[in-house]
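The values are calculated or read from the model by the stated rules, or taken from the named source; none is laboratory data. The structure displayed is predicted, hence computed values, not measured ones. With ideal geometry, Cβ positions are generated from the backbone for all residues, glycine too; neighbour counts draw on all protein chains shown.
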Amino acid sequence: MLQDLLREWDSEEKKPFFTRLKGKLLKSRPLRERIVYCIYRLKVQRDKLEIVVLKVKRRDSEIFGRCVDAQTRKDDARASIYASECHEIRKIFKIIFHCKLTIDQVILRLETIEIFANIAGSMVIPVNLVREMKNKLSGLLPSVSSHLGEIASELEEIVLTAGEAETKTIDVSSLTEEAKAILEEAQVLVEEKIKDILPDLPEESTLELELS
């Protein structure tokens with residue numbers, strides 16, 4: 001099952017003591033260094049998602065091939081099973097691919113803030129967006145989700161340090177309008193790219209599915 005494969009792909013070694021210690025020491029470091037560290041950690045998680053995206057795509061190609069083969073042999077029942085599995089794989093693919101693109105956008109924002117760290121207090125740090133990605137991946141890739149949660153917490157502390165929180169309460173349970181716009185933009189890119197990356201399912205099989 002794909003869920004079992006995702007858990008296998010998500011597994012990782014425990015953080016070394018030095019890494020945990022470095023995270024604690026960074027809290028006393030200048031704002032720019034803390035932002036750079038968050039950018040680095042986001043890139044690590046982005047790269048992990050890129051690897052999972054490739055593996056999910058490979059899994060889709062395998063199941064899609066079986067679906068086509070079953071149709072060729074006029075085994076409509078088996079073709080429908082494979083088509084249904086492809087549909088589920090593609091739903092997961094969209095979520096992970098969407099999160100990867102969104103993290104890319106968060107990285108770009110943080111890189112801009114890092115360049116202009118002296119006025120970071122007046123720039124919006126997309127904490128809620130990172131929280132949203134954490135929630136989306138919690139049931140699929142718990143390790144990546146956990147790291148994103150830690151990064152979001154660090155970004156919240158950076159916001160407090162920069163002084164933004166003095167005039168605006170941080171609400172991690174909802175997205176800002178800007179965050180929603182970024183999510184919508186990423187979703188549009190996902191829909192466009194998915195058509196180029198994955199082939200259409202056989203029509204006879206998809207007609208038998210109740211796709212949402």
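Any residue at all in the range 35-44 that's within 16 Å of P199 (Cα to Cα) and modelled with pLDDT of 90 or more? For the range 35-44, residues within 16 Å of P199 (Cα to Cα) and modelled with pLDDT of 90 or more: absent.
Looking across the range 47-91 at every residue that is polar (S, T, N, Q) and over 28 Å from the mean Cα position of the chain (by Cα), the one that is surrounded by the fewest Cβ atoms within 10 Å (Cβ to Cβ) is identified as T72.
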